[in-house]
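These notes concern the structure reproduced below.
FYI, it's all coordinate maths here, none of it is from the lab. All figures in this text were calculated on a predicted structure; none of them were measured in a lab. Note that each Cβ is placed from the backbone with ideal geometry, even for glycine, and that neighbours are counted across all protein chains shown.
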Amino acid sequence: MERLTEPIHLNLLALFYFLFGSYKKKIDYDLILRPHHAYSLLRVAEYAKENEISTVTLLEFGVAAGAGLMNMSQIASELTKSTGVQFKIYGFDTGKGMPPPESYKDHPEYYLEGDFPMNFEELQKNLPKNVELIIGDVR
Ligand SMILES: C[S@@+](CC[C@H](N)C(=O)[O-])C[C@H]1O[C@@H](n2cnc3c(N)ncnc32)[C@H](O)[C@@H]1O
C-alpha cells in the first residue's frame with residue numbers, strides 16, 4: 001500500500017520486479033515487508049561479502065510478540081541464499097512486556113507496564129536454529 005503513493009511509473013516497474021525480480025530487486029523497490037530491515041540487512045550482507053566476513057550477528061532490543069525478529073530471520077535466510085553470508089540473531093526482551101515507566105522520558109502517557117507482552121513458549125517453539133531469545137532486563 002505504501003508503494004502505491006509513489007509515481008505510477010515506479011509502481012509499474014515495482015510490479016514487474018514483484019513478479020520477476022531477484023530478491024535484491026524486490027528490496028530495492030520496497031517490496032519486502034519492513035523495508036527498513038530488508039535494506040539494512042542487504043547492505044550489511046553485501047559489506048560482509050566484500051570484506052570476507054562469513055557471519056554477521058544481529059541484535060534486536062525489544063522483541064514483544066516476535067514479529068520483527070521473525071521478519072529479520074526470514075530476510076536473513078533469503079540473503080544467505082544469495083550472498084552466502086550467515087546470520088546469527090539474538091532478541092533481547094523482558095519476556096513479560098514493558099517494564100514500569102521510570103520517568104517522562106519513557107512516555108507513560110503511551111506505554112504502560114506489561115504492554116507488548118511475549119508468549120515465550122509459543123515464540124521459542126517457532127524460532128529457527130540461528131535465532132536465540134535472551135530473556136531479562138537488558139540492563
Ligand atoms: C514495541 S515492543 C518491540 C516490538 C518489536 N521490535 C517488533 O518489531 O515487533 C518493545 C519491547 O521492548 C521490551 N523492553 C522494554 N524495555 C526493556 C528492558 N529494559 N529490557 C528488556 N526488554 C525491554 C518490552 O518487553 C517490549 O516487548
inquiry  = To test your reading of the geometry: what angle, between 0 and 90 degrees and rounded to tens, separates the Cα axis of helix 8-20 from the longest principal axis of the chain?
reply    = 90 degrees
ask   = Along each of its three principal axes, how wide is the spread of alpha-carbon positions in the chain, in whole angstrom units, largest first?
value = 48, 38, 27
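Tell me what the chain gives for mean residue ellipticity at 222 nm when only DSSP H runs of n ≥ 4 count, each as -39,500 (n - 2.57), the sum divided by the residue total, rounded to 500 deg cm²/dmol. List each step's numbers first, then the result.
Working: 5 runs with 59 residues, N = 139.
Result for the chain: -13000 deg cm²/dmol, rounded to the nearest 500.
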task = Considering Cα pairs under 8 angstrom that are at least six residues apart, work out the relative contact order of region 86-139 and quote it in whole percent.
result = 53 percent
message = Please list log₁₀ I(q)/I(0) at q = 0.20 Å⁻¹ for region 54-135, using the Debye equation with identical point scatterers on the alpha-carbon positions.
response = -0.86
note = The size of the Cβ-based charge dipole (Lys, Arg +1; Asp, Glu -1) of region 54-135 about the Cα centre, to the nearest 20 debye, is 480 debye
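Over 31 Å between C-alpha atoms is what I'm after, so list which of 26/125; 25/96; 49/105; 25/129 land there. The partial results should precede the final answer.
Values: 26/125 29 Å; 25/96 38 Å; 49/105 39 Å; 25/129 27 Å.
With Cα atoms farther than 31 Å apart: 25/96; 49/105.
Which trypsin sites (Lys or Arg not before Pro) does region 19-119 hold that lie in a coil by DSSP with at most 16 other beta carbons within 10 Å?
Those satisfying the criteria are 96.
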note = Those GluC sites (Glu not before Pro) from region 1-82 that are DSSP loop and have at most 15 other Cβ neighbours within 10 Å turn out to be 2, 52
key: Bridge type composition, the chain - antiparallel percent by DSSP, nearest 5   = 0 percent
